[in-house]
Number of protein chains: 2
Amino acid sequence: MRAQSPAPINLMPMAAKLQAGSGSLKVDENFRLSFTGYTEPRLKRAGKRFLEQLHARTALVFASRETVDPAKATLVVTADQASKAIQELGEDESYTLEVTPSGAKLHAANPLGVLHGLQSFLQLVTITPEGFGVPMVSIQDQPRFAWRGLMIDCGRHFMPIAVLERNLDGMEAVKLNVFHWHLSENQGFRAESHKYPKLHELGSDGLYYTQEEIRGLIEYARDRGIRVVPEFDMPGHSTAWFAGYPELASGTGPYQVERKWGIFDPAMNPTDEKTYKFLNEFIGEMAKLFPDAFFHIGGDEVNGKEWDANPSIQAYKKAHAIKDNIGLQAYFSGRVQELVVKHGKTPVGWDEILVPGVPKSIVVHSWRGADSLAAAAKQGYRGILSNGYYIDLGWSAARHYAVDPLGGAAANLSREEQKLVLGGEATMWSEYVNAENIDSRIWPRTAAIAERFWSPADVRNPAWMYSRLPVVSERLEELGLTHRIYQQRMMERMAGPASPEELAALRTLVEALEPVKDYSREKLGQEPTSQTPLNRLVDAVDPESEASRLFSSVVDDYVAGSCRDAAKAGELRGRLVQWAGNDARLRLLAERSFLVKEAGPASLALSQVAEVALGALDRITQGVPFTPELEKPLVDSLKTSEMQAHKAQLTIPVLAAFQRLLEAATAGGACANAK
Amino acid sequence: MRAQSPAPINLMPMAAKLQAGSGSLKVDENFRLSFTGYTEPRLKRAGKRFLEQLHARTALVFASRETVDPAKATLVVTADQASKAIQELGEDESYTLEVTPSGAKLHAANPLGVLHGLQSFLQLVTITPEGFGVPMVSIQDQPRFAWRGLMIDCGRHFMPIAVLERNLDGMEAVKLNVFHWHLSENQGFRAESHKYPKLHELGSDGLYYTQEEIRGLIEYARDRGIRVVPEFDMPGHSTAWFAGYPELASGTGPYQVERKWGIFDPAMNPTDEKTYKFLNEFIGEMAKLFPDAFFHIGGDEVNGKEWDANPSIQAYKKAHAIKDNIGLQAYFSGRVQELVVKHGKTPVGWDEILVPGVPKSIVVHSWRGADSLAAAAKQGYRGILSNGYYIDLGWSAARHYAVDPLGGAAANLSREEQKLVLGGEATMWSEYVNAENIDSRIWPRTAAIAERFWSPADVRNPAWMYSRLPVVSERLEELGLTHRIYQQRMMERMAGPASPEELAALRTLVEALEPVKDYSREKLGQEPTSQTPLNRLVDAVDPESEASRLFSSVVDDYVAGSCRDAAKAGELRGRLVQWAGNDARLRLLAERSFLVKEAGPASLALSQVAEVALGALDRITQGVPFTPELEKPLVDSLKTSEMQAHKAQLTIPVLAAFQRLLEAATAGGACANAK
């Protein structure tokens, strides 16, 4: 009876099985929480956090901030037994939640399920005509995939611990259970090493995590049912290592922390035993620091130039009959994997580590795609998918949502082979994010990805997802995430002292635009570096414009109804008039602020295309269709305007809807004679 | 040449002397800071904080996060010598700041002036057509008053350390230099005592500051040029002490932490030597914990009922010829002051401590008013003013701004007597604030009060203040204060899942209303307690509605121009139409949410009065004045509507402007025949 309940059930991820009834459980200041069965300090902390989050949701001041005995409790939580001391892949994460008007019961095999169930309960708390309440539901829930991750690249832009903590809070809320901590890059080495202190001292510009902070974050994650998998990318993506230890490199140096983005030449020397001696010590140290069973060694994007330029490496290849750099990397990778295994861990690496003969125990992390993952599974390798979940590329939630770890070639795998697909990870590469705007690039879209990883495969209706996403998004910000408020602050910086009208116009612009997609930002404008300030309009617009999405869906409805719905026409007109006049309202501000001025072409483009769309709407409502000859230059003008917007690295996402309006308004189109 | 500069100078508090030129100093990623002259770790930390704040303002990534040698610096800071190890009242806080297109120089006698000057520089950074910059200025600045305080009542509602820290950041930004920490109340005893642990254990519901946290906060404040003056209120306002130590009380108990607001009977027993023995130990402990030279002993609002009901106290009074409870309190106060002095501190207390014969060293903290302060000064007592700066009462910034510590009877004091008026304190009593909305009750209005305390007396034009206040307000939120974003979060809680249109309508309502003023909230609706959730519309509306203030000022301009400005009429009409139709847009939401429903009468009232004002505007623009007979019931209807709003503890601040419109539209009024 999913989603057929009287009140909308705003869970995300949606539960595997959910039965909703009428009536609800009242949540007021007398709300009390009780733990029975197995208990541990982590559950006590979870209870405290739960009450704090319930307070944040409701502002209720609970009579008791302590847990009480079950007979007096509103919500009784029962765990059967402990989970593993060090959280393991594939532990039981299931829970059941029964809410009735007289009380609620949460039951789970172990604390992991309890954590998930508490978050479900919190998501269900809503406002009613009589007070706060939880709708009557019966939930049986467990994840579809065991590996549900979020990777944050702390190498390119360092992220303070507070940023990571609030994102772990967000992960807990949507039941993600792996934090993949990308700790080294050409642009920065971020983990303190006692064995090799020059790694962080010379490789980080002073921006690194102390071992104490790392241990603290792991504890913080464990409290939230989240494993922490560290990644140290080798043999490429490693310039920052060489700032302190140039002897590891294949080139002659000198090396310093890279400031630009891209793929660079420096790579470790796979032919020098000193490299492995170093890595043995280093991995040993890190294997102790990070308790998780998995250890990510990267392995992606080695261009081989340093290897080709080094005569002794060339000689080594010849001597050992290694025919190319792929073979050389395979050799390196094999050696490093041995070290990882020696120190008690299971290696994880990007697609490149999958070469003939590599042990079946490794896990392939696919940036290349589901087909690559399927091929690995066919050979008996476990894998996790990130292709399709690159949240740095500016895709819509729906586009990520449509990607399935068991999609593509994986759909044809046998049931046993499919079990080798452990799940997936959203990957937050950090060329264009800093502490200020990173949350907005992760949330709320990652909640949709989390649903893909947790919920049954048939939970995939994007409209339903979009009906719940704004609610989840609001609730994520209650936890301290800043993916919505960042925009106001960034707009105010761009504007400087400005009138309320000017700020409103800037908001209209910001809310209508999106950053250019995929990797096109690099190709537009000045080459960015790690010192480029992220204060431009492109840094302040959401990856997915909600205003544009809503407008486009009204256009679709309007056209589908042969454009006879006057109310919808009025709604479209209102918005188009606003956009058409917006550039003029920003003119004075653009004269005062270089940051608003820079976005000028995009602002003008938006107003111009809105004018074109208004013309189409006029034709429709007047019943005077365009001739195809009239329509064509108008469609072309949309493209020209989009190119204008690109100058500021921006895109106008409503253009497709505008084009649909134009087509509908043209002789033979759906609305050509609507009137 | 104050404020005659080409670019507006958005300083607050305004500098004592400021000369502005044309041209500006560029602030880009090559910005560098240098300290010369006297230096200390606090200055180093201030430099780091300065660069972080400059980053927050601009998002620039500075090439060097370290300070550099003066020859390479953009801003060279020079301090002549150290300030006192423990910050003292009346230390030199002056600084000079010279900004030229080629660089800036900040000079101060000691680190206190440096801290102030750095904040001035930060306030001056603004966006320009070419990038970020600081306008060319020459500033010589020093405070008018030496005691510029903010009191936060952490007794009635506990405020987490993070809340206090961000408010200390705000205080630094506007050059306030005393944090008055109100630590004990009937509703809570908030400081850890090792000597008497039951004070915090039984008197705080577990919500107290450890001594380590207290030391940390004092250090945090000192880093920002702020003294911390603790207050332990005695002999009244002390129920929470008695939860652990009923033997201190004059009544028979039993005592527990008070949950209601108001003035209560429990009071310490001034006739029992055990009381003074206890207080001697306690004050000794706290005098060591708090390094400041001043120690606030409260002393306000003792109703004497417990004293009257205690036969042994009555007997003591008789035996010692103490004729009334005022005398008894004076005796108590004298004894406590002796203890404070014995432990090396200067006593501060509310008006009540000023009784004949009290030593001249005490400081009178006036909640009663400037006249009381003047009377004290005439007798040779030092004083600080809080009457007029009670920011919990919901007054406008302008109303606080108009109050001067040397106003009223103090204006007639001799120059020497005036020197006894040390300054003032904004007081944030916390019946109706918690961690979520307290910032909004403090800021931005306290920035205007801070200007009153710092800037020359003739800086008092409210229009000029209001032109700078929104800019300062934005910048205060950069520091982590939440006085603007809290509203969005609270509205979303009130609304629950809602459409963008519904949220917009709720915003329109919230932005138009204010909480009822002064102490009228207690008299309306259910009696509130410390458990009353602060989640209602009244908790989410700003004390001063900016939308209403701006609307009212347009009305004033419009009427002053005999209502002949059609653009202004259009502007007024647009807003009135929005308000008039707003209640209808909220109806469905009110059916779903009890919190929106509760505000229903106020919402209806706003729409009704806007309708009345629209009628007046119509009369004006049509040139058909009301007869006085027609006008009167309309004016009455405004009052009726205001009473409606009061039901939800709200007030409609534009009513006065509406009434002015009505009057102007009536035969004989300013706009009766405008057309």
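The values are calculated or read from the model by the stated rules, or taken from the named source; none is laboratory data. Since we're looking at a predicted model, the values are computed, not measured. Ideal geometry is used to build each Cβ from the backbone, glycine not excepted, and the neighbour counts take in all protein chains shown.
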Inset, instruction - Take the residues in region A:616-648 that are basic (K, R) and within 30 Å of A:R536 (Cα to Cα), then tell me which one is farthest from the chain's Cα centre (by Cα). - result: A:K639
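Per-residue answers, yes or no, for (1) within 28 Å of B:R399 (Cβ to Cβ); (2) surrounded by 17 or more Cβ atoms within 10 Å (Cβ to Cβ); (3) not aliphatic (A, V, I, L, M):
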residue: B:R521; (1), (2), (3): yes, yes, yes
residue: B:Q531; (1), (2), (3): no, no, yes
residue: B:S548; (1), (2), (3): yes, yes, yes
residue: B:F551; (1), (2), (3): yes, yes, yes
residue: B:V555; (1), (2), (3): yes, yes, no
residue: B:A560; (1), (2), (3): yes, no, no
Inset, instruction - Go through the residues of region A:137-155 one by one and say whether even a single one is without any contact (Cβ under 8 Å) to a residue 40 or more places away in the chain, outside any strand (DSSP E or B) and of a type outside the set (K, R). - result: no
Inset, instruction - Filter region A:569-602 down to the residues that are in contact with a strand residue (DSSP E or B) (Cβ under 9 Å, 6 or more places away or on another chain) and touching a residue at least 24 places away in the same chain (Cβ under 8 Å), then identify the one that is farthest from the other protein chains (Cβ to nearest Cβ). - result: A:A602
Inset, instruction - Filter region B:339-366 for residues that are over 17 Å from B:E285 (Cβ atoms) and of a type in the set (G, A, S) and give the result. - result: B:G349, B:G357, B:S361, B:S366
Legend entry - Number of positions in region A:581-606 that are buried (at least 20 other Cβ atoms within 10 Å of the Cβ) and under 23 Å from A:V554 (Cβ atoms): 6
Legend entry - Filter pass, A:A249 being surrounded by fewer than 21 Cβ atoms within 10 Å (Cβ to Cβ) and modelled with pLDDT of 95 or more: no
Inset, instruction - Filter region A:118-136 down to residues that are under 15 Å from A:Q19 (Cα atoms) and assigned to a helix (DSSP H, G or I) and give me whichever is nearest to the chain's Cα centre (by Cα). - result: A:S120
Inset, instruction - Considering every residue within region B:639-651, establish whether at least one is part of a helix (DSSP H, G or I), away from chain A (no Cβ under 14 Å), touching an Asp or Glu at 6+ places or on another chain (Cβ under 8 Å) and not basic (K, R). - result: no
Inset, instruction - Within region B:396-423, track down each residue that is under 30 Å from B:P653 (Cα atoms) and in contact (Cβ under 8 Å) with a residue 60 or more places away in the chain. - result: B:S396, B:A397, B:A398, B:Y401, B:A402, B:P405
Legend entry - Single match in B:L51, B:L106, B:L89 (criterion: more than 14 Å from every other protein chain (Cβ to nearest Cβ), surrounded by 18 or more Cβ atoms within 10 Å (Cβ to Cβ) and within 14 Å of B:F121 (Cβ to Cβ)): B:L106
Inset, instruction - Run down B:L217, B:L202 and say which single residue is within 26 Å of B:T532 (Cα to Cα), of a type in the set (A, V, I, L, M, F, W, C), modelled with pLDDT of 95 or more and not in a loop (DSSP other than H, G, I, E, B). - result: B:L202
Inset, instruction - Using the structure shown, decide if B:T74 is under 31 Å from the mean Cα position of the chain (by Cα) and β-branched (V, I, T). - result: no
Inset, instruction - Residue by residue through region B:259-272, note down the ones that are more than 21 Å from B:I326 (Cα to Cα) and in a loop (DSSP other than H, G, I, E, B). - result: B:R259, B:W261
Legend entry - Test for B:S467: is it more than 10 Å from every other protein chain (Cβ to nearest Cβ), more than 24 Å from A:I127 (Cβ to Cβ) and of a type in the set (G, A, S): no
Legend entry - Pair list, Cβ < 6 Å and 6+ apart or interchain, from region B:352-374 residues that are on the phi > 0 side of the Ramachandran plot to residues that are assigned to a loop (DSSP other than H, G, I, E, B) and surrounded by fewer than 24 Cβ atoms within 10 Å (Cβ to Cβ): B:G369/B:N387
Inset, instruction - Pick out the one residue from B:H180, B:H194 that is in contact (Cβ under 8 Å) with a residue 60 or more places away in the chain, touching a strand residue (DSSP E or B) at 6+ places or on another chain (Cβ under 6 Å) and either buried (at least 21 other Cβ atoms within 10 Å of the Cβ) or on the phi < 0 side of the Ramachandran plot (or both). - result: B:H180
Inset, instruction - Select from region A:370-415 the residues that are among the aliphatic types (A, V, I, L, M) and in a loop (DSSP other than H, G, I, E, B) and list them in ascending order. - result: A:A402, A:V403, A:L406, A:L413
Legend entry - Members of region A:478-507 that are of a type in the set (S, T, N, Q) and either surrounded by fewer than 20 Cβ atoms within 10 Å (Cβ to Cβ) or facing chain B (nearest Cβ under 7 Å) (or both): A:Q487, A:Q488, A:S499
Inset, instruction - Go through A:G423, A:G394 for me and flag whichever is on the phi > 0 side of the Ramachandran plot and under 11 Å from the mean Cα position of the chain (by Cα). - result: A:G394
Inset, instruction - Please verify whether region A:60-73 includes one or more residues that are within 14 Å of another protein chain (Cβ to nearest Cβ) and touching a Pro at 6+ places or on another chain (Cβ under 9 Å). - result: yes
Inset, instruction - Would you check if there is a residue in region B:205-217 being within 20 Å of the chain's Cα centre (by Cα) and surrounded by fewer than 24 Cβ atoms within 10 Å (Cβ to Cβ)? - result: yes
Legend entry - Selection count, region A:288-331, where residues are part of a loop (DSSP other than H, G, I, E, B) and under 33 Å from the mean Cα position of the chain (by Cα): 12
Inset, instruction - Please indicate, with yes or no, whether at least one residue in region A:431-451 is assigned to a helix (DSSP H, G or I), of a type in the set (S, T, Y), within 20 Å of A:M151 (Cα to Cα) and touching a Leu at 6+ places or on another chain (Cβ under 7 Å). - result: yes
Inset, instruction - Could you tell me whether any residue of region A:273-287 is in contact with a helix residue (DSSP H, G or I) (Cβ under 7 Å, 6 or more places away or on another chain), touching a residue at least 24 places away in the same chain (Cβ under 8 Å) and part of a strand (DSSP E or B)? - result: no
Legend entry - Residue that is within 14 Å of another protein chain (Cβ to nearest Cβ), touching a residue at least 60 places away in the same chain (Cβ under 8 Å) and of a type in the set (D, E), where the choices are B:E527, B:E514, B:E546: B:E546
Inset, instruction - Consider A:S545 carefully, then state whether it is within 15 Å of A:L509 (Cβ to Cβ) and hydroxyl-bearing (S, T, Y). - result: yes
Legend entry - Failed condition for B:V99, given (1) modelled with pLDDT of 95 or more; (2) on the phi > 0 side of the Ramachandran plot: (2)
Legend entry - Subset of region B:520-566 [hydroxyl-bearing (S, T, Y), under 20 Å from B:Y432 (Cβ atoms) and either at pLDDT below 95 or out of contact with any strand residue (DSSP E or B) (no Cβ under 8 Å at 6 or more places or on another chain) (or both)]: B:S520, B:T529, B:S530, B:T532
